[in-house]
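Okay, structure first, notes after.
Laboratory data are not the source of any read-out in this text; all were calculated from the coordinates shown. Owing to the predicted nature of the structure, the values given are computational and were not obtained by experimental measurement. Cβ: placed from backbone, ideal geometry, glycine included. Neighbour counts: every protein chain shown.
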């Protein structure tokens, strides 16, 4: 009788022990031989919380900055940017010919495609024509009239009209395609085989996994600037919450890190770089609806909101206070001489009273027997809900009753676009790049755009700066735009969040001046990966880094002994 | 009777198919806006917009879209993903094995564990071991699965550091064969444990309950009186009879566990269908949502069917038509 009972018992114990032992064995095997790379190869691993950004061909990646960045390791543009501004890429030099309204590009003569074919001016001309025919997410070539091949290594690009953003938005963004491959491609977005990845760039793709969100590149031996010192470049998926841990454990070399972990990461000897002023959180104001349609009323709102408190509390100090002119103090186009709307609740109250509102005992303003009550819609992302709560309280203190409602983000977007709202929290990036973005975020119809076309002078200036080829004069116009925008106040920029990247210093990653290509604020400029420094400082081993010594063997031993004991006991019966 | 059962499945299937089509489209926000999303740098020119509307067939009337969707399913064509820029079937099938691995092993493990725990607990009713097991399970029942997941992740992944933080395998590790399997198993441990732990309490309580009721039955007394071994009475006689409600609820649990996996996959960045559905929801990627929901629907319906059939194996008194046969 006992025997039978024990038999059951032993078999379940055996199963569990086998599981545990194999698991522990597995962990030691997997952590020992984990690289396919040859000895001495330099491997650089970058973490990303989303992982999959699409097939890294110019037409295959998803329409997001990280997708473009993954493509930019394989393809080149005519012009590129570094920390200081424009630098040569496929073009060695370029000039603007005023009389003809054309750009003349002299191309490098030592460039070959990854398949060995020679790169020529024909490829450049082909790319412009191809992208005009097959629209791309990143470039709108409506300003380009015609591309002329002058000789094998010279092209002239004629513009339809004066167009100031051409160099940034087109020449340094458009990835040049090999004509001999793409000329037969009818449907570029579905062209996702190896041929679609033949570029001129510093790296070649070895593997891409949509499911696991990983990319593996190898250095292009024949790159025209020399072979990159990074032999293998990896992108792996690591969730946002685990990114700092993965960096400190040495599993990845670089990653975006949450602001809360900056001090810890820095303390462990890693380099932390930051950037702010590319992205802004905005208070969207429905300027088509009473009472927000009054400019003075919008001013009252701005005076009643303490943006410093939003930075300190909602963003825990990891942000810069918003400028009512939209562009951040970090932008070369920033205008400091605009109306600032420094926090002044009394001023807000004065404006409301001049508009015929009366403060009642309940602490709120009333007009025509009606309480002044607004709805503020927000979405559960990027800490917006906390921002909304604080704004509601601040406006409440100034006598404006505000109810907060949280919606799904896309729902909020469509409500803002169709102007079915009073106030909303939204935001967008791109303001660190070319100021052509202003036209989109002031005039456009998007969930993050002010959608404001009422001011004639603003409309004229927004048109004018696009056609001003003189850089200094253009800057003047953009400054003027900020001034008028701040006075009209169709939306209020609340703050510019600060973003952080941590890395081990082996590659000097940096934020590109005005962002990569059109203005992507990711510090993964291909040029940085040309050079590898021996690790400046090896990550200090910490208690959390390695498994507790002897822990795994101890468990295995314990399990083995228990199994042996039970088997022995069973035999006795 | 058999045809009635099949037609029930067919009707359920059709209703779900229509909902799969309609629900994503009833959500506010259109795919084109979602694709451009918050990326202000993207140039959505009118020409591109028109081209995309046409490519995604969004310019067609809803009725026609539904027709195309239905005929597509018949042909095994689930359309083309807006965001992933690939055939839906390809995207979903790449994610499916990971979900099946996670769900399947969790379903088996949680069912087996709750049956064993329920039998042992019911047998020892009122004793300390029963009481402590019951208390522990009740406490666990109070936690949502993602909470268990986060705790496990912090404890074993971050602090002790001997299990991977996320994903389904080590990227570009160059492992193959047995080592690759072990690597996958190592990645599976935490999400599987979290999902299994959250599944155990309800089945365990049910099993314990039926076990206690069954133990009062006269045939158990007979078995004991015959002088059968304790284990034999416990498992072969009482246990086998008490197992029936568990099998019935397993079919229902498949649906619940699919939902549970969605959160677990998000926490552990496990590349399964749950994570795919979540991302596609954000992108308003109707074709992917339709495809993924379709696969999940088929999965749940098939699982229910299998459970229904298993039922007759376990309890021969019940025929496949659900009618009790006289002995």
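Taking square-rooted eigenvalues a ≥ b ≥ c of the alpha carbon gyration tensor, is region B:183-327 rounded, prolate or oblate, where a/c under 1.5 means rounded and, failing that, a/b exceeding b/c means prolate?
Details: a/c = 3.61, a/b = 1.97, b/c = 1.83.
Cα axes put region B:183-327 in the prolate bin.
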Plugging the Kirkwood radius over Cα pairs into Stokes-Einstein for region B:64-170, at a temperature of 25 °C and a viscosity of 0.890 mPa s, what D comes out in µm²/s? 134
What is the pair-distance distribution P(r) of region B:1-141, computed from all Cα-Cα distances in 5 Å bins starting at 0, with each bin given as a whole percent? 2, 7, 9, 12, 12, 11, 9, 8, 8, 7, 6, 4, 2, 1, 0
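Using the Kirkwood radius built from alpha carbon pairs, what does the Stokes-Einstein equation give as D for region A:29-183 at 20 °C and 1.002 mPa s, in µm² per second?
Details: Rh = 17.3 Å.
Translational D for this selection: 124 µm²/s.
Specify, per residue and in Å³, the volume enclosed by the convex hull of the alpha carbon atoms belonging to region B:3-77.
Working: hull volume 8.7 nm³, N = 75.
It comes to 115 Å³ per residue, whole-number rounded.
Relative to 2.2 N^0.38 Å, what does the C-alpha radius of gyration of region A:198-297 come to as a ratio? Two decimals please.
On the way: Rg = 21.5 Å, N = 100, 2.2 N^0.38 = 12.7 Å.
So region A:198-297 has a normalised radius of gyration of 1.70.
Relative contact order, percent, of chain B when contacts are C-alpha pairs under 8 Å separated by at least 6 residues? Write down the numbers at each step before the final one.
Values: 339 pairs, mean separation 88.3, N = 327.
RCO, chain B: 27 percent.
Using the count of nearby Cβ atoms within 10 Å as a rough guide to exposure, how do A:474, A:347 rank from fewest to most? Don't skip to the end; give the middle numbers.
Values: A:474 20, A:347 17.
Least crowded to most crowded, the residues run A:347, A:474.
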Just to confirm my numbers, what's the Cα centroid distance between region A:98-172 and region B:20-74 in Å? 32
Residue by residue through B:167-180, how many Cβ atoms from other chains fall within 10 Å of the Cβ on average? 6
Hey, how many Å between the Cα centroid of region A:54-86 and the Cα centroid of region A:386-441? 30
Whole angstrom only: what separates the Cα centroid of region B:190-240 from the Cα centroid of region A:206-225? 55
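Shape of chain A from its Cα gyration tensor (a ≥ b ≥ c, root eigenvalues): rounded if a/c is under 1.5, otherwise prolate when a/b > b/c, or oblate? Mind dumping the intermediate values first?
Details: a/c = 2.43, a/b = 1.22, b/c = 1.99.
It is oblate, given that a/c is not under 1.5 and a/b is not larger than b/c.
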Taking a quarter of the surface of the convex hull around the Cα atoms of region A:282-499, what do you get in nm²? 11.5
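Rounded to the nearest 500 deg cm²/dmol, what is the calculated helix-only ellipticity per residue at 222 nm for the protein assembly as shown, with -39500 (n - 2.57) per DSSP H run of length n ≥ 4?
Numbers: 26 runs with 393 residues, N = 900.
Helices in the protein assembly as shown give a 222 nm mean residue ellipticity of -14500 deg cm²/dmol.
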